[in-house]
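Below: one structure, written as structure tokens.
The values are calculated or read from the model by the stated rules, or taken from the named source; none is laboratory data. Note that this is a predicted model, so its numbers are computed, not measured. Reconstructed Cβ throughout: ideal geometry from the backbone, glycine too, with neighbour counts over all protein chains shown.
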Amino acid sequence: NAGVTQTPKFQVLKTGQSMTLQCAQDMNHNSMYWYRQDPGMGLRLIYYSASEGTTDKGEVPNGYNVSRLNKREFSLRLESAAPSQTSVYFCASSGGLLQGTDTQYFGPGTRLTVL
Amino acid sequence: GDSVTQMEGPVTLSEEAFLTINCTYTATGYPSLFWYVQYPGEGLQLLLKATKADDKGSNKGFEATYRKETTSFHLEKGSVQVSDSAVYFCALRAGGFKTIFGAGTRLFVKA
């Protein structure tokens, strides 16, 4: 039982490049989330997926897209990276309201630097 | 909108000292409240939670009581250890699928 896994762990991009951050969970959770963590700002929600087949914007969605590929996987794409997207990105999952579990389980994070 | 405010850090304590990290919240309805902990180089993990007023969450010697009258959920530990050095996040979930996190408080414990 690996929990929530993320790849890659580190990435350096040049401005304008694109990349996809991968996330998978093996806990059969309904809901999945992408956050970014910046110094002094806590975690800010980028996008979330309440259940398979649905995605919704969070607090800071501009410059990002997501895909809920199946129940296990939720990817985050940067189409044209900007230095302002330098951050640590965390994926999380939870059982969701239907399963009565509101605790979120986090992956280890991806540290992204955009030059 | 919903929000969480927690004390700024860093907090530096000597081993075996008493710890308090303050957290207050603003929310409509009746939120669930959480403390998450992030150890260096890792993701967040749940430390404790409380789902209704006057509930006390506890884990690993840490405690927090859901105080609706003061809209607070302060984290306490009677005797900290070096291994407790981490960043602590207060959070709330007021309904729906979104959890609101505070900015985090970094704790350093010296031997």
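Sort out which residues of the stretch A:10-39 are in a loop (DSSP other than H, G, I, E, B), modelled with pLDDT of 95 or more and touching a strand residue (DSSP E or B) at 6+ places or on another chain (Cβ under 7 Å), and write them in order of number.
A:Thr15, A:Ser18, listed by residue number.
When the stretch A:50-70 is examined, which residues are found to be closer than 10 Å to A:Ser93 by Cα and at pLDDT 95 or above?
Passing the criteria: none in range.
Based on what the data block shows, is A:Val88 of a type in the set (Val, Ile, Thr), touching a Gly at 6+ places or on another chain (Cβ under 7 Å) and within 14 Å of chain B (Cβ to nearest Cβ)?
Here the answer is yes, as A:Val88 does meet what is asked.
Would you say A:Gln22 is more than 9 Å from chain B (Cβ to nearest Cβ) and either surrounded by 14 or more Cβ atoms within 10 Å (Cβ to Cβ) or on the phi > 0 side of the Ramachandran plot (or both)?
Yes.
I'd like to check something: does the stretch A:3-13 contain any residue that is more than 12 Å from the chain's Cα centre (by Cα), under 13 Å from A:Ser93 (Cβ atoms) and basic (Lys, Arg)?
no
Yes/no per residue for (1) small (Gly, Ala, Ser); (2) more than 13 Å from the chain's Cα centre (by Cα); (3) assigned to a strand (DSSP E or B):
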{"residue": "B:Thr24", "(1), (2), (3)": "no, no, yes"}
{"residue": "B:Tyr36", "(1), (2), (3)": "no, no, yes"}
{"residue": "B:Gly41", "(1), (2), (3)": "yes, yes, no"}
{"residue": "B:Ala64", "(1), (2), (3)": "yes, no, yes"}
{"residue": "B:Ser83", "(1), (2), (3)": "yes, yes, no"}
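Cβ-Cβ distance below 6 Å, separation of 6 or more or different chains: which pairs start in the stretch A:86-115 with a residue that is modelled with pLDDT of 85 or more and end on one that is part of a helix (DSSP H, G or I)?
A:Val114/A:Pro83; A:Val114/A:Gln85
Before we move on, is A:Gly16 surrounded by 21 or more Cβ atoms within 10 Å (Cβ to Cβ) and over 25 Å from B:Thr51 (Cα atoms)?
No, not satisfied.
Kindly indicate the residue of the stretch A:55-77 that is at the interface with chain B (Cβ under 10 Å from one of its Cβ atoms) and part of a loop (DSSP other than H, G, I, E, B) and also nearest to B:Val4 (Cα to Cα) among those meeting that condition.
Looking at the filtered set, the residue picked out is A:Glu59.
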